[in-house]
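> The following block contains the structure, expressed as structure tokens.
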Amino acid sequence: MQTVTQRLANPTQFMDLSGRILPWLVGAAAAIIGYGLYLSFFVAPPDYQQGETVRIMYIHVPSAWLAMAAYTLIAISAFGLLVFRHPLADVSAKAAAPIGAAFTFIALVTGSLWGRPTWGTYWVWDARLTSVLILFFLYLGLIALRSSIEDETLAAKLTAILALVGIVMLPVIKFSVEWGNTLHQPASVLRLGGSTIDPSILKPLLVMALGFTVLFVALHVKAMRNEILRRRVKALQMAEVARAQAGQLAAAAE
Amino acid sequence: MLVKRDLRLAVRQGGALGTALGFYMIVVTLLPLGIGADLKLLSRIAPGVLWIALLLSALLSLPRVFASDYEDGSLDILATGALPLELVAAAKALAHWISTGVPLALLAPVLGILLNLEIGAYPVLVATMLIGTPAVSFIGAVGAALTLKAHRGGLLIALLVLPLYVPTLVFGMAAIGALLGPGGVTSPFLILTAISLFAVILGPIAAAAALRLQMQ
């Protein structure tokens, strides 16, 4: 009996399966985010201190979660590539990097816009802000390293090493920037002793988080499909070139 | 052996060390011109300026850590030799530290004079730099190994490696502050030491993995 990851290792089966579930994913993402937006704009009450600006949270927090989740996914894919040589691991890592970078950017921008009315400044050198900014630079490093090496298999493996170095360093970086004081509130949704957030705010937040996650999965699957198709087109072009060269050689020989 | 050979090359080829030291001096010289020559302000920010300029200067010579041996083929010989590639990478990083990290750290007090840094801070500054710069060289070696075949490798190293220098910088600064403060707290200094040791062990492993992929 094959495991799911083993079965997905065949790109054709992956294309087949992902082609069938992608429309459902897109539909689900649109529906859940639509419902979540409705909840966050019309149902959730304004905060008694922050007023309407608290609604930024419904975009900001899910983006920040995904910024970290996407990097974790890249690191797992990198591990899968280097250790198990899973054929789709690199496709997954490559597809996740720009999406993760985009969510990190959204988290930074919305956080900055939220900080202005709440903390009175767009940016502070607070521990969490700094570590998310550095996470963004790590994403840029992954994308830049991959794009600057011509040999694609080599680029894939070197980027995987960088991703693993990054995931080892991230806790150290986070620990080091937390050395100073922090303005940011500590984790308040997932923690021992229950959530400290009121249910009226928690529900839209969780719906939005689920919607963003499904959106991420949909984008990721779509990007993986594109990458597989791009590789196939490239392989076909290479075969075409090889055949044309063989033909020219044969013609020259006659 | 290998460390000795690399050091001899670094000294006889010249250039690299001189460039790094010159760069270090010019950055520190430009700073007061940019922000104004307020001596009190300068002496307050001097340790941070010296640390950041040191990181940038050390970056300059990183691309050459593996590249010159890769180009003339000696890296291939080293890779097929008896020595594990991890130790080769460690030796190269060590040579980079001795030829770049140590001279930069020793130059720092001279530049400290220009920035009106208190005399009492010099031993602490140099000590944190000597303890912190191994991390700079060994993490940098990973970046150098990863970008061996990349286009624009030199620019890329900065983007890959500088985010990874954050802990070294933060704890280097924290150690200076804590040691000079009341009571002479040593815990940030110990954490800085831990970061360096961590880099010395893990850096060569990652660098060797990257080199091995490119030698095939």
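> Shape verdict for the protein assembly as shown, please, from the Cα gyration tensor: rounded (a/c under 1.5), prolate (a/b greater than b/c) or oblate.
It comes out oblate by the Cα gyration axes.
> Shifting gears a bit: Using the Karplus curve 6.51 cos²θ - 1.76 cosθ + 1.60 with θ = phi - 60°, what ³J(HN,Hα) values do you get for each residue of the range A:73-80, in whole Hz, with x for Gly and Pro?
With the stated coefficients, the range A:73-80 comes to 4, 4, 5, 5, 4, 4, 4, x Hz.
> For the range B:2-215, compute Rg over Rh where Rg is the Cα radius of gyration and Rh is the Kirkwood radius from the inverse mean 1/r over Cα pairs.
Computed over Cα atoms, the ratio is 1.00.
> Using only Cα atoms and rounding to the nearest 10 degrees, what angle (0 to 90) does helix B:187-215 make with the longest principal axis of chain B?
Orientation of helix B:187-215: about 30 degrees from the principal axis.
> How far, in degrees from 0 to 90, does helix B:2-13 lean away from the longest principal axis of the Cα atoms of chain B, to the nearest 10?
Relative to chain B, helix B:2-13 is tipped by roughly 70 degrees.
> Could you list, bin by bin from short to long, the percent of Cα-Cα pairs of the range B:174-214 in 5 Å steps?
6, 23, 16, 12, 11, 10, 8, 7, 4, 2, 0
> If you average the C-alpha positions of the range B:172-208 and of the range A:140-169 separately, how far apart do those two centres end up, in angstrom?
Between the Cα centres of the range B:172-208 and the range A:140-169 lies a distance of 27 Å.
> Between 0 and 90 degrees, rounded to the nearest ten: what's the tilt of helix B:166-180 against the longest Cα principal axis of chain B?
For B:166-180 against chain B, the angle is about 40 degrees.
> As a test of the formula, what do you get for chain B when each DSSP H run with n ≥ 4 contributes -39,500 (n - 2.57) and the sum is divided by the residue count, at 222 nm and rounded to the nearest 500 deg cm²/dmol?
-26500 deg cm²/dmol
> With just the Cα atoms defining each centre, how far is the range B:62-136 from the range A:222-251? Give it in Å.
Computed from Cα coordinates, the inter-centre distance equals 46 Å.
> Continuing with the same structure: In whole Hz and in residue order, list the ³J(HN,Hα) couplings for the range A:130-139 that follow from phi through the Karplus curve 6.51 cos²θ - 1.76 cosθ + 1.60, θ = phi - 60°; x for Gly and Pro.
Taking θ as phi minus 60°, the curve returns 4, 5, 5, 4, 5, 4, 4, 5, 5, 4 Hz for the range A:130-139.
> Hey, another quick one. Assuming R0 = 41 Å, what is the FRET efficiency of B:Ala82 and A:Phe42, from their Cβ-Cβ distance, to the nearest 0.05?
Values: r = 72 Å, r/R0 = 1.76.
FRET efficiency, B:Ala82 to A:Phe42: 0.05.
> Report the relative contact order of the range B:165-216, percent, no decimals, based on alpha-carbon pairs under 8 angstrom and at least 6 residues apart.
Once normalised by length, the contact order is 30 percent.
Here, each number is a calculation from the coordinates, and none is a lab measurement. For clarity, every value in this text was computed on a predicted model and none was experimentally measured. Glycine gets a Cβ as well: all are built from the backbone with ideal geometry, and neighbour counts include every protein chain shown.
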